[in-house]
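Note sheet for the following structure.
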Amino acid sequence: MKNTISMYWPLAIVVPLVALAYLHIGSQLNSRAPQTPLDANHLTAELARAVSYGMIDTSAALPSKPMRDTTPMPVAEAS
């Protein structure tokens, strides 16, 4: 039994190190992948989540300025 343990102890060190290196390299490749822009549904969901977690403080926001009056665009008629 002692001969078996002394023979395989390097594997007990090398195998976990190789596994950790593989996971580390894989996570670096995933973080470099280009991210696609969020569509409107996901963007508003992320904003709502950030507000609910308290990442965005609504009480400290700057006072909003009223918008200028705009004239509506004429409706295009089908021909």
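Each value in this text was obtained by applying a stated rule to the coordinates, not by laboratory testing. Values in this document were obtained by computation on a predicted structure and should not be read as measured data. Glycine gets a Cβ as well: all are built from the backbone with ideal geometry, and neighbour counts include every protein chain shown.
A few notes on this one:
- The HN-Hα couplings worked out from phi for the range 48-57 by the Karplus form 6.51 cos²θ - 1.76 cosθ + 1.60 (θ = phi - 60°) are 4, 5, 5, 5, 5, 7, x, 6, 10, 8 Hz, whole numbers, x standing for Gly and Pro.
- Working ranking of peptides 71-78, 42-49 by packing, defined as the average number of other Cβ atoms within 10 Å per residue, highest first, is 42-49, 71-78.
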